[in-house]
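Visitor: Please see the structure below; I have some questions.
We did not get these values from a lab; they are worked out from the coordinates using the rules stated. Please read these numbers as outputs of a predicted model, since none were measured by experiment. Neighbour counts are summed over all protein chains in view; Cβ atoms, including those assigned to glycine, are modelled from backbone coordinates with ideal geometry.
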Amino acid sequence: MHLRSKPWASDWLAEHSDIVIDQDRATAQIGQWQSLFDQEQPIYLEIGSGKGQFILGMALAHPEINYIGMEIQETAIAIAARKSFDQVGTLPNLRYIYGNGNGVETYFEKGEVSKVYLNFSDPWPKKRHESRRLTYKSFLKSYEAVLPEHGEVEFKTDNRHLFEYSMVSFMDYGMRWTPEDYTLDLHADEDKVQGNIETEYEQKFMAKGQPIYKIKAHF
Ligand SMILES: C[S@@+](CC[C@H](N)C(=O)[O-])C[C@H]1O[C@@H](n2cnc3c(N)ncnc32)[C@H](O)[C@@H]1O
């Protein structure tokens with residue numbers, strides 16, 4: 001997803017640096033993320049949060065969890081943060097990072113993040129772009145470095161090739177899951193769809209009748 005740049009984005013981000021943390025501040029925040037939230041409680045991180053529908057929905061549904069949406073595109077993070085700010089003001093359990101998921105270990109220390117979400121990550125179908133996929137081994141290494149032992153990565157996609165690639169990548173990395181931890185058609189599975197918060201892309205692909213794949217893999 002590439003969004004056309006918005007002229008208001010960088011000024012808005014500068015004015016709302018309490019909600020959206022840039023890369024430099026994120027690096028300085030290592031080990032101290034809880035201080036940005038009202039309550040000390042587990043932090044769940046979404047990497048590639050796009051326009052932010054999922055992370056906002058999760059933060060509203062689960063006040064007992066602190067959420068961070070991370071995005072590499074300035075326009076996307078600005079749209080996400082502004083939309084949530086305009087709708088509900090500053091939520092006590094939601095913050096954003098304008099940054100790159102590759103290198104997340106420079107922002108968080110081991111165990112500081114309790115769970116990582118990847119939703120409809122860019123598929124990068126060409127082999128020569130494999131290292132840009134958010135489930136490539138170098139990204140997994142970064143996630144492992146910030147999660148507790150046996151920490152969990154929860155991944156949803158419409159893209160069968162990326163799903164299969166990711167399962168192999170998780171397995172090669174030594175990650176594990178049980179049959180209960182994945183589905184090839186989330187919205188046809190009454191149990192697994194319970195509490196599901198839909199992302200923008202999820203709604204787009206569901207409208208086209210495409211199945212949504214989901215897996216929870218553990219280190
Ligand atoms: C296809 S969009 C999906 C957006 C949203 N998660 C959804 O499901 O609607 C993928 C998003 O991941 C972001 N992204 C790609 N690589 C990233 C990286 N290395 N770090 C952080 N965000 C990244 C892109 O900028 C894009 O906004």
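Visitor: Can you compute log10 of I(q)/I(0) for the stretch 80-189 with the Debye formula, treating each Cα as one identical point scatterer, at q = 0.11, 0.14, 0.22 Å⁻¹?
Guide: Per q value, in the given order, log10 I(q)/I(0) is -0.42, -0.68, -1.30.
Visitor: Go through the stretch 118-125 residue by residue and turn each phi into a ³J(HN,Hα) via Karplus (6.51, -1.76, 1.60, θ = phi - 60°); whole Hz please, and just put x for glycine and proline.
Guide: 10, 10, 6, 4, 4, x, 6, x
Visitor: For residue 141, which aspartates and glutamates qualify as cross-link partners when the Cα separation must be under 17 Å and same-chain residues fewer than eight apart are set aside?
Guide: Cross-link targets: 46, 105, 109, 112, 130, 149, 152, 154, 172.
Visitor: If contacts are Cα pairs under 8 angstrom and at least 6 residues apart, what is the relative contact order of the chain in percent?
Guide: Relative contact order for the chain comes out at 20 percent.
Visitor: Name the longest site-free stretch of the chain, where the excluded sites are GluC sites (Glu not before Pro) in a DSSP loop with no more than 10 other beta-carbon atoms within 10 Å.
Guide: 65-148
Visitor: Take 68, 30 and order them by how many other Cβ atoms sit within 10 Å, fewest up front.
Guide: 30, 68
Visitor: Under 5 Å between amide hydrogens, which residues at least 5 positions from residue 48 or on another chain qualify, with H placed 1.01 Å from N in the peptide plane?
Guide: 70, 71, 72
Visitor: Cut-off is 10 Å between beta-carbons; in what order do 183, 75, 178 appear when sorted fewest neighbours first?
Guide: Ranked by crowding around the Cβ, least crowded first: 178, 75, 183.
Visitor: Let me ask another. Please list the non-local residues whose amide H lies under 5 Å from the amide H of residue 21, H modeled 1.01 Å from N, same-chain partners needing a gap of 5 or more.
Guide: HN-HN under 5 Å from residue 21: 96, 97, 98.
Visitor: Per residue and in Å³, how big is the convex hull formed by the alpha-carbon atoms of the chain?
Guide: Residue-normalised Cα hull volume stands at 125 Å³.
Visitor: Counting only other residues whose beta carbon sits under 15 Å from that of residue 44, what net charge do I get with K and R as +1, D and E as -1?
Guide: Within the 15 Å Cβ shell, the charges total -2.
Visitor: What order do you get for 49, 17, 142 when you list them from fewest to most C-beta neighbours inside 10 Å?
Guide: Fewest-to-most Cβ neighbours within 10 Å comes out as 17, 142, 49.
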